[in-house]
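Right, one structure below, let's go through it.
The values are calculated or read from the model by the stated rules, or taken from the named source; none is laboratory data. Keep in mind the model is a prediction, meaning the values are calculated, not measured. We place every Cβ from the backbone using ideal geometry, glycine too, and count neighbours over all the protein chains shown. Heads up: the accessible areas ignore ligands, DNA and RNA and are worked out on the full protein's heavy atoms, side chains in. Shrake-Rupley method; radii C 1.70, N 1.55, O 1.52, S 1.80 Å.
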Amino acid sequence: MQELDLLSEMTLYVLLFLFGAITLLLLWFQINVYKGKAMDNPDGSVDDWHEQKILYGMSFADIVIIFPATFIGIALILIDSHWGFYILGMISFWHVWANTAFTISSLRFEEPEITFTWILVYPFGILLGLFYLIWLFIHFDRVFFP
C-alpha cells in the first residue's frame, strides 16, 4: 500500500476502530443468543432462538464467520496486507446488506421509537459499511497498486 495522507490514514483508523467496537458488541450479543438467552432489541423485539429457530443458525454463523473475518481483516490491514482490505470490503457489504434488512424489518413490523440505541443497533451498520466502501473506492489505487 502506498503512503496515505494524514486525513486518509486517520479516517481508516477510525473506521477500523468502529468495526472492532461494533464487532465486539455484536459478539457478546450473539454469544448470549447462541447460549439460549433471550436478548432484547432496542425496537422492542426479542432475539430468542427458542421462538425463532433461524436465530440459532444466524448467531452461530456470526460467531464462527463474521467475527473472526472482521478481526483477521483488521489485523491484515494493520500489517499492510491487501487481503485485509478485501476481507473488510466483503464484511462492509455484509454490514450494509444485513443492517438494511434488519432496519427495514424493524421499521415495518416493530414501529420502534427512534433512539440513539436504535440508530446504533440498526442503521449505523449500513453507514459504517458504506463509509468503508467509499473510503476503499477513493483510495483504491493507493491500496491495491503500490
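A compact table of results
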quantity	calculated
Per-residue HN-Hα couplings for segment 42-55 [Karplus 6.51, -1.76, 1.60; θ = phi - 60°; Hz; x = Gly/Pro]	x, 8, x, 7, 10, 8, 9, 5, 5, 8, 10, 4, 5, 5
Accessible surface of the chain [probe 1.4 Å, protein heavy atoms]: carbon and sulfur percent	72
Karplus 3J(HN,Hα) series, Hz, for segment 95-105 with 6.51 cos²θ - 1.76 cosθ + 1.60 (x for Gly, Pro)	4, 5, 5, 5, 6, 5, 4, 5, 5, 5, 5
For peptides 114-123, 137-146, sequence by mean Cβ density within 10 Å, most packed first	114-123, 137-146
Accessible-area order (highest first, 1.4 angstrom probe) of the listed residues MET58, MET39, MET90	MET90, MET58, MET39
Calculated FRET value between TYR86 and GLU111, using beta carbons and R₀ = 35 Å, to 0.05	0.35
Heavy-atom surface of the chain, accessible at 1.4 Å and reported per residue (Å²)	60
Chain lengthening between GLU3 and ASP48 when straightened (0.36 nm per residue, less Cα-Cα)	11.5 nm
